[in-house]
Amino acid sequence: MTNSLRVVGLGGSLRTGSTSLTALGVTLEGVQAAGAESRLIALRELDLPLYSPEHSVPEKARWFAETAYQADAMVWSTPTYHGSVSGALKNALDWLILLADREPPYLSNKPIGLVSTAGGVQGLQSVNTMDFIVRALRGWAVPLVLPVGKSWKSFDPEGRLIDETIADSLRGLGGEVVRAARQFRHEGTCDYAESRQFAAPAPA
Ligand SMILES: Cc1cc2nc3c(=O)[nH]c(=O)nc-3n(C[C@H](O)[C@H](O)[C@H](O)COP(=O)(O)O)c2cc1C
């Protein structure tokens, strides 16, 4: 068994050239730079059926839930759809009901980094919606979040990120997710105050 921290990225929209998928990939570059392993799960490829408690559980839903459970941390990235997360992301996360009876349940003790892209300025709404879901799933949202507004300015029409400042911030978030995961693995808790990104400014 490997000792490396494992971070699973989940997200993207279902379209070609998805900016939220690109943002997820760049965040995972930061994860790797911080010394952790990463695995990107694109919702477009995962292609889960709509969750229903009544039909049989598809093998890919079991695989997805198990892969999330085995991760030390996750990064979620969604397009902002009508002021909230995409239905595809919410549906995938609903399948994590498969982890309800595990010990510990769901995503306990896993830090989760939150990223969104938005055509306008409502990206923080989808981040906040993800925050609610993180808590319902017993996870820990990393305080540094990255809603990328006016995505048409920062990504080209093929979905490539052309804004290096945003790229650096996304990689920084990836590093922050790894830092939190490292603390959970070693100490079972996380002291966010140690982060330079949240340190109080020195008195003048
Ligand atoms: C169905 C739909 C709803 C959207 N709703 C919003 C919205 O409420 N607020 C906003 O700022 N942008 C909204 N947008 C724009 C997307 O958030 C934006 O284009 C985003 O970057 C798309 O992500 P993607 O490139 O990963 O597909 C919407 C786009 C679609 C297709």
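Quick one: residue 127 ticks every box in (1) touching a helix residue (DSSP H, G or I) at 6+ places or on another chain (Cβ under 9 Å); (2) buried (at least 18 other Cβ atoms within 10 Å of the Cβ) bar one, so which box is it?
(1)
What tally of residues in region 130-143 results from selecting those that are out of contact with any strand residue (DSSP E or B) (no Cβ under 6 Å at 6 or more places or on another chain), open to solvent by less than 40 Å² (accessible area, probe 1.4 Å) and more than 15 Å from residue 84 (Cα to Cα)?
Residues in region 130-143 being out of contact with any strand residue (DSSP E or B) (no Cβ under 6 Å at 6 or more places or on another chain), open to solvent by less than 40 Å² (accessible area, probe 1.4 Å) and more than 15 Å from residue 84 (Cα to Cα): 1 in total.
Name the helices (runs of 4 or more DSSP H) wholly inside region 81-166 in which the number of residues that are free of Cβ contacts under 8 Å to residues at least 12 places away in the same chain is 2 or more.
Fully inside region 81-166 and qualifying: 123-136.
What's the total number of residues in region 66-81 that are more than 16 Å from residue 113 (Cα to Cα) and in contact with a Lys or Arg (Cβ under 9 Å, 6 or more places away or on another chain)?
2
Considering only region 167-197, how many residues are open to solvent by 30 Å² or more (accessible area, probe 1.4 Å), part of a helix (DSSP H, G or I) and at pLDDT below 95?
Qualifying residue count, region 167-197: 8.
Could you check region 19-53 and list, in sequence order, the residues that are buried (at least 24 other Cβ atoms within 10 Å of the Cβ) and not aliphatic (A, V, I, L, M)?
19, 20, 22, 27, 30, 38
Kindly list the number of the only condition in (1) more than 16 Å from the ligand (Cβ to nearest atom); (2) in a strand (DSSP E or B) that fails for residue 63.
(2)
Considering every residue within region 62-69, establish whether at least one is in contact with a Phe, Trp or Tyr (Cβ under 8 Å, 6 or more places away or on another chain) and farther than 17 Å from residue 180 by Cβ.
Taking every residue of region 62-69 in turn, at least one turns out to be in contact with a Phe, Trp or Tyr (Cβ under 8 Å, 6 or more places away or on another chain) and farther than 17 Å from residue 180 by Cβ.
The values are calculated or read from the model by the stated rules, or taken from the named source; none is laboratory data. Everything numeric in this text was worked out from a predicted model, so none of it was measured. Neighbour counts are summed over all protein chains in view; Cβ atoms, including those assigned to glycine, are modelled from backbone coordinates with ideal geometry. Remember, those area values only see protein heavy atoms, side chains included, never the ligands or the DNA or RNA. Shrake-Rupley method; radii C 1.70, N 1.55, O 1.52, S 1.80 Å.
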